[in-house]
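Written below as structure tokens is the structure these notes are about.
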Amino acid sequence: MLGMSTIELVRAWLFITVVGFVFAVAALAILRRPAAWLAKRAVKPLSKFQRVMLVLAGIGVLCMAYAHWIEPYWIEVTRVSLSSPKLATASRLIRVAHISDLHCDPVERVENKMLSLIANEKPDLIVFTGDTMNRADSLPVLKQTLTQLAQIAPTFVVKGNWDVWYYPMLDLFGGTGVKELNNEAVKFDVAGTSLWLVGMPVSETLNYEKAFASVPPNAFTLMLYHYPDEIEAAQTRYVDLYCAGHTHGGQIALPLYGALITFSKFDKKYEAGFFHEGPTWLYVNRGMGCEGTPHFRFFARPEVTMIELGKNGEQ
């Protein structure tokens, strides 16, 4: 189980303390006028410091409104590409749609918009790297979403930490048409070549031997795992593309600085985006949904990633 590291805890508390201080000073500045009236005293002009705190508090209110009402619904389609000699026989670019962390709620939120965006991209396959729901009664929304995904393109999924910890007895994927990868690999033929998709659910002890047992040498391998934390192990297995999620890009991030919290053992190193480590490319998707109530996202928009795979020299 991944918890909040000490440095993440310090960053989070520092952020909360600063924000709390600004709002406390602003609130006192606002309340001073009625307090003076009640005491029948003259109201002193605001100090420069108080005026600055009021402006910052006003900006903070606008940021919170944006983070609650706008950004969680503003999906970004990110496009990346990679080439490999293992795809030498491919007749064209292969399009992979990567999503993560749906965190469905009992009422549809952004799922239909996401489905429309993915359908417009015409992917050859879709991969979902786990964390399905915020609550068990969100299962109908989840299943409807997965069913529609599978109708767009073949869809492969793995379980994230929420799925393993909170819903171990629920049938999350049955009847939807998606293929769950549970410590296994499957061959996917497309555009005159083959990909091997390897997927593992979140676990304290990962079963690499079982998961990779059927993958032939020199095959193009696409690994699905919820955390980005297995990047070192993926390199030793010569994984070509490793798709992960979990971090939400911090969900609350700061301009220029990025995520405050990632719940990754690598802290901010793989907080979101595309990384190249040895033989392996890692994509960490920011996810679609939100944890926490009410839902907030700030400088970490929900994301659909479109990954184009081609042979060397083809981008």
| field | ³J(HN,Hα) computed for each position of the range 248-253 - Karplus, 6.51 cos²θ - 1.76 cosθ + 1.60, integer Hz, glycine/proline x | value | 6, x, x, 6, 10, 10
| said: Once you keep just the Cα pairs under 8 angstrom separated by 6 or more residues, what percentage relative contact order results for the chain? | reply: 25
| remark: From the cross-link list K86/K159; K187/K268; K143/K311, the entries with a Cα-Cα span beyond 30 Å are K187/K268; K143/K311
| Nearest-20 debye value, the chain charge dipole, Cβ charges on Lys, Arg, Asp, Glu | 1720
| Long-range Cα-Cα pairs in the chain (distance over 35 Å), rounded percent | 28
| field | Around R286: net Lys/Arg minus Asp/Glu count, Cβ-Cβ under 10 Å | value | -2
| said: How charged is the neighbourhood of L254? Take every other residue with its Cβ under 12 Å from the Cβ of L254, and add Lys/Arg as +1 and Asp/Glu as -1. | reply: +1
| field | Built amide H within the under 5 Å cut-off of E180, gap 5+ | value | V157
| 3J(HN,Hα) from dihedral phi, the range 73-78, Karplus parametrisation 6.51/-1.76/1.60, rounded to Hz, x for glycine, proline | 10, 9, 6, 9, 9, 9
| task | When a/c is below 1.5 the answer is rounded, else prolate if a/b is larger than b/c, else oblate, so apply that to the range 1-155 with a ≥ b ≥ c taken from the square roots of the Cα gyration tensor eigenvalues. | result | prolate
| said: What are the ³J(HN,Hα) couplings of the range 263-269, residue after residue, when phi is run through the Karplus curve with 6.51, -1.76, 1.60 and θ = phi - 60°? Round to Hz, x for glycine and proline. | reply: 6, 10, 5, 8, 6, 8, 4
| query | Okay, helix-only estimate at 222 nm for the chain: each DSSP H run of n ≥ 4 adds -39500 (n - 2.57), divide by all residues, round to 500 deg cm²/dmol; what do you get? | reply | -10000 deg cm²/dmol
| message | I need the peptides 3-14, 77-88 ranked by packing, meaning the mean over residues of other C-beta atoms within 10 angstrom, with the highest value on top. | response | 77-88, 3-14
| task | Sum up the charges of everything whose Cβ sits under 11 Å from the Cβ of K159, counting Lys and Arg as +1 and Asp and Glu as -1, but leave K159 out. | result | -3
| remark: Rg/Rh over Cα atoms for the range 6-69, Kirkwood Rh, comes to 1.12
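Quick note: the coordinates plus some simple rules give every number you see, no bench work behind them. Here the structure is a predicted model, which is why all the values come from computation and not from measurement. We place every Cβ from the backbone using ideal geometry, glycine too, and count neighbours over all the protein chains shown.
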